[in-house]
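**Student:** Got a structure for you, written out below as C-alpha cells; questions coming shortly.
The values are calculated or read from the model by the stated rules, or taken from the named source; none is laboratory data. In this text the structure is predicted, and so the values were computed from the model without any measurement. Quick reminder, even Gly has a Cβ in these numbers, built from the backbone with ideal geometry, and neighbours come from all protein chains shown.
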Amino acid sequence: MMTAPRNQDHGRPFKRGDVGWLLPQKLQEGESERSDGARCDKIHLGSPLLVESESNSKGKESPSPYQTNRNHMPYNESRDEMIKNVSDPSVASILSTDALKVYNIPRYQREYTWGQRDWANLYDDVFDNDPGYFLGSIIVIQGEIDPKTNIVEFEVIDGQQRLTTISLLLAALYARINEHPDAIDEDMQLDDIRPLRNRLVLKSNKDMTRVVPQVQNHNQDDYRWILKERAGLAVVMQRPKYHGVRKMSKAFEYFYDRLGGEIAGMGDDDAVHTLLDKSRLLCSAVLVQINVDSHADAYTLFASLNNRGVPLSAVDLIKNTLLAKVADADGDELDYYFEQWQEVLRNLGDDYATQERFFRQNYDAFRRDVNRPFVQEGGAQLPLGSVATRSNLLKIYEKRIGQDPGALGVLDELICNSAIYSQIIGVDREGMDSGLERQLVEIARAQGVPSYLMLLYLMKRKPELGLDDVLISGIVALLVRFFVRRNVTDTPPTRDLERLFISICEGIEDESIRGVEVARYIKRRLVDVSASDATFKERLEGPIYDVNPDMTRYILTVLAEPSVTKEMKGLWERYPSGNYVWTIEHVFPQGENIPASWVDMIGGGDKTKAQEIQAAHVHTLGNLTITGYNSKLSNMPFIEKRDRKDSNGANVGYRNGLNLNDDLVGADSWTKEQIVARTEKLVELALQAFTFDDIEF
C-alpha cells in the first residue's frame, strides 16, 4: 500500500513537489545510478524528477515517489550558489559501504529526541512504499580529509535525527538477519550482510561508526553500545548506565521488535530473504545530502526550503558556529563553553522568539562598536548591516565570531548582556530596585518590547552614563506612556520603532550627555515623534476595543488599579487555565443577536435602533468595564449583570468594588446617553494617566 510521504523530522505528510529543487543542477549533464537500478535522468533544479523503472520498461516517463511540481519551487540562483554540491540521492550512497566518510553530529547539537511516533512513521513510510521513497534531506559541511586515515568528516547541520534513526533501523535489520546463521551462505554474507554492516561501521576502521551522534545525554555511548552488541563495532566498553531507558536504546528496540513481528512464524530462509528485501528497500530510499560552506548558508537554506518541520533556528546555528570555533579545546574546556552558552539561554528563558529578539537587539543597541573592527577606509560605517533582521542575524554573528577576539569574546559579551536582558524581561530580577522592577512589569504589559534595545544599552552603560535605578525607573515610566499612546494611535508606525531607539542610543553618544540629561534627551525624542493629545483623545473616543483589545485592557486596568484592595485578586492574575481572573466586559452586549431585553432597554423596542447604537458605541470605553471572569455574563439583562455573584457569593458583576463600575452600580438601566457620558469621563482619566507632562527629570 502506498502512503503519503511524511515531513522530514516530524512524521507529517509531504506534498509532492516540496523538495524537487534540492536535486543538483550539476547532474543535468548526465545521470545518476540509484541503488534499486532505476535511473535519475537529467535532473533539473525546479523541474520534475522523472525515472525509468522496471514497471515502465517501454521508456515512458513516469513520476517517481519524489516527483516535484515545476511551479512549486522556481529556480533560485542565489540559493543555488549557497549549495556547494548535492550527493546522489539515496541512503545507499550516503551510508556507502566503501566510502571513507563519517557523519559527525557535534556535541553542541540537539540530543536525540525522536520518539515512537517518529520511528513508526519512518518504518511505515519506507516499508509500505515502492523503492525510491523520499525521506528528506540532510545538510552538511564537509571537512578536510584526514591525511593519516584518508577519512573525510561531514559535520551534520540539519537532519541528524533522521540520519541517526535510519542507521538504527539498519542496525536492527543486521541484528535480526544474523539470528538465522544457518540460512546465510558465503555469497550472501559477502554480497549482502557484510556490506550492510559496513554502512554502520567503517570497513577500514572497525572501531569507528559511520554516524557519530553527539555526546549529550549519553547519545554517543548508547549508540556505540548498540553497534558493539549488534553490529560488530570493535570497541571495548561497558554498557552505559541506564542505557535501556534512553531514546537511542528504545529506538533500536522498537525497530528490532517490529522486524521480529514481521518474520514471526517464518522459517530461517524466508526470514532472511524478507529482512534482506527490507534492507534493500531502505537503502533505495531517497535521502538528499546538501553540502554547504557555512552555518549561515545552512540557515538561509532552511528558509528557502519552507520546511514544515522544526529546522535548526538562527540561535541554534549561532551556537553551532560559536562552539565550532572552540572545538579544538579539550573535553572539559568545551563542556565549560557549552555550559556558558546554556547560561545565556537560561538568562533568556525558554521562548525562542525572546531568544532571537535578544540577539537582534543586542546587535542593534551596540551596532557602532560591533561594526568598528569591520569598517574599512572609505567604506560603509555599518558593514554588518544597519539593523539585525531574521535573514542577516546569523551572518552578523558568524562574522563577529570569526573576527578578533572571536568566539570567546562574543560569548563573554552574550553572557553579560543576556544577564541584563534577563532583568528587563523578568526572567531574573532578584535584588532589583523595587521601583524599577515595577516599571519593567508595566512596560511589558504596555507592549513596549521594541524599547528593550535601548534599555539594554542604558543598563549596560549605566556607570559611564551616570545613571541610577531611580533615573532608569523614570525613563521606563516615560516609555510606558509613550507606548500606550503609540499603540492607540499607531504613531510612530511600527516599522520606525527599531530605528528610533537605535537613533536615541547613538544620539546619547553623539551629544556626550550624562545623568539626568540622558533622561531629558530621551523624553524630547519621544515627545517629538508621538501623536498629539488631540489625536490621542480622538482615538480614545473611538471603537478602541475593536482596534486593540490588549491595549484597551491595559488602559482599563491602570484606571482601575487605585481601587484594588488587598482582599481582591490582582488585575493581571490568571486561572490555571490561562484565562484572566478579571476580564473586559461589554456592558451592552457585542454579539450580533442582541437579546430582547437589551433591544427594549437601549432601543426602546426598536431592533434597528439598537443595532445602530451597538455599531457606533459597543466598543467605546464608555461601554467597557472589568468584571470577574464569567463567560455567561455578557448577554444577561443589565440588572443581572450588575448584581451577578459566583457560587461562593462573591460579586463578579458590576458590584465588584472597582472604581470603573461606580457609574454602573448606581444605574438601573443602560442607554446610549450613559455610554457617551461615561466615554467622555474615562477618556479624560486616560489622558491624565498617560500624559507626558507630569514626568519631569
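**Student:** Could you give me the residue pairs with C-beta distances under 8 Å whose first residue belongs to the stretch 120-138 and is assigned to a loop (DSSP other than H, G, I, E, B) and of a type in the set (D, E, K, R), whose second residue is modelled with pLDDT under 90 and surrounded by fewer than 18 Cβ atoms within 10 Å (Cβ to Cβ) wherever it lies, and which are 6+ apart or on separate chains?
**Tutor:** Asp128/Met1; Asp128/Met2; Asp128/Thr3; Asp130/Met2
**Student:** Sticking with this structure for a sec: Inspect the stretch 547-561 for any residue being of a type in the set (Asp, Glu) and either surrounded by 18 or more Cβ atoms within 10 Å (Cβ to Cβ) or under 24 Å from Lys681 (Cβ atoms) (or both) and give the result as yes or no.
**Tutor:** Pass one, the stretch 547-561, residues of a type in the set (Asp, Glu): 550, 561.
Right, trim to either surrounded by 18 or more Cβ atoms within 10 Å (Cβ to Cβ) or under 24 Å from Lys681 (Cβ atoms) (or both) and you get 550, 561.
Looking through the stretch 547-561, at least one residue is of a type in the set (Asp, Glu) and either surrounded by 18 or more Cβ atoms within 10 Å (Cβ to Cβ) or under 24 Å from Lys681 (Cβ atoms) (or both).
**Student:** Among the numbered criteria (1) surrounded by fewer than 20 Cβ atoms within 10 Å (Cβ to Cβ); (2) closer than 23 Å to Glu153 by Cα; (3) in contact with a helix residue (DSSP H, G or I) (Cβ under 9 Å, 6 or more places away or on another chain); (4) at pLDDT 80 or above, which one does Gly385 miss?
**Tutor:** (2)
**Student:** Checking Leu190 against (1) touching a strand residue (DSSP E or B) at 6+ places or on another chain (Cβ under 7 Å); (2) over 23 Å from Tyr256 (Cβ atoms); (3) part of a helix (DSSP H, G or I), only one condition comes out false. Which one?
**Tutor:** (1)
**Student:** From the list Asp646, Asp606, Asp550, which residue is in contact (Cβ under 8 Å) with a residue 60 or more places away in the chain and of a type in the set (D, E, K, R)?
**Tutor:** Asp550
**Student:** On to the next question. Give all pairs with beta carbons closer than 7 Å in which a residue from the stretch 142-153 that is assigned by TED's automatic domain parsing to the domain that holds Val212 meets a residue that is modelled with pLDDT of 90 or more and basic (Lys, Arg); count only pairs at least 6 apart in sequence or on separate chains.
**Tutor:** From residues that are assigned by TED's automatic domain parsing to the domain that holds Val212, the pairs are Ile151/Lys101; Val152/Lys101.
**Student:** In the stretch 393-425, what residues are polar (S, T, N, Q) and in a loop (DSSP other than H, G, I, E, B)?
**Tutor:** Initially, the stretch 393-425 is screened for residues polar (S, T, N, Q), giving 403, 417-418, 422-423.
If the condition is that a residue be polar (S, T, N, Q) and in a loop (DSSP other than H, G, I, E, B), then Gln403 is the only one that fits.
**Student:** Name every residue in the stretch 392-432 that is of a type outside the set (A, V, I, L, M, F, W, C) and within 20 Å of Val449 (Cα to Cα), in order of residue number.
**Tutor:** Answer for the stretch 392-432, where residues must be of a type outside the set (A, V, I, L, M, F, W, C) and within 20 Å of Val449 (Cα to Cα): Asn417, Ser418, Tyr421, Ser422, Gln423, Gly426, Asp428, Arg429.
**Student:** Let me ask you something else. Pull up the stretch 98-112, narrow it to residues that are modelled with pLDDT of 90 or more and surrounded by fewer than 23 Cβ atoms within 10 Å (Cβ to Cβ), then point me to the one that is farthest from Asp158 (Cα to Cα).
**Tutor:** Of the residues in the stretch 98-112, the ones modelled with pLDDT of 90 or more are 100-105, 112.
Imposing the further condition that a residue be surrounded by fewer than 23 Cβ atoms within 10 Å (Cβ to Cβ) reduces the set to 100-102, 104.
Details: Leu100: 21, Lys101: 17, Val102: 15, Asn104: 11 Å.
The qualifying residue farthest from Asp158 (Cα to Cα) is Leu100.
**Student:** Just to be sure, is Arg520 under 18 Å from Phe692 (Cα atoms) and surrounded by fewer than 19 Cβ atoms within 10 Å (Cβ to Cβ)? Reasoning before the result, please.
**Tutor:** Working: under 18 Å from Phe692 (Cα atoms): yes; surrounded by fewer than 19 Cβ atoms within 10 Å (Cβ to Cβ): yes.
Against the criterion (under 18 Å from Phe692 (Cα atoms) and surrounded by fewer than 19 Cβ atoms within 10 Å (Cβ to Cβ)), Arg520 qualifies.
**Student:** Same structure, new question: Taking the criterion of being at pLDDT below 95, in contact with an Asp or Glu (Cβ under 8 Å, 6 or more places away or on another chain) and over 30 Å from Asp528 (Cα atoms), would at least one residue in the stretch 661-671 satisfy it?
**Tutor:** no
Okay, residues lined up against (1) surrounded by fewer than 13 Cβ atoms within 10 Å (Cβ to Cβ); (2) in the same structural domain as Ile584 (by TED's automatic domain parsing); (3) in contact with a His (Cβ under 9 Å, 6 or more places away or on another chain):
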residue: Gly649; (1), (2), (3): yes, yes, no
residue: Leu664; (1), (2), (3): no, yes, no
residue: Val676; (1), (2), (3): no, yes, yes
residue: Leu682; (1), (2), (3): no, yes, no
residue: Leu685; (1), (2), (3): no, yes, no
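**Student:** In addition: Output the residue which, of all residues in the stretch 317-366 that are of a type in the set (Gly, Ala, Ser) and closer than 15 Å to Tyr397 by Cβ, is modelled with the lowest pLDDT. Quick ask: steps written out before the conclusion?
**Tutor:** Within the stretch 317-366, the subset of a type in the set (Gly, Ala, Ser) is 324, 327, 329, 331, 349, 353, 365.
Subsequent filtering for residues that are closer than 15 Å to Tyr397 by Cβ retains 324, 365.
Details: Ala324: 76, Ala365: 98.
Across the stretch 317-366, the extreme among qualifying residues is Ala324.
**Student:** Does at least one position in the stretch 178-185 carry a residue that is free of Cβ contacts under 8 Å to residues at least 40 places away in the same chain and either in contact with a Lys or Arg (Cβ under 9 Å, 6 or more places away or on another chain) or assigned to a helix (DSSP H, G or I) (or both)?
**Tutor:** Yes: the stretch 178-185 contains one or more residues that are free of Cβ contacts under 8 Å to residues at least 40 places away in the same chain and either in contact with a Lys or Arg (Cβ under 9 Å, 6 or more places away or on another chain) or assigned to a helix (DSSP H, G or I) (or both).
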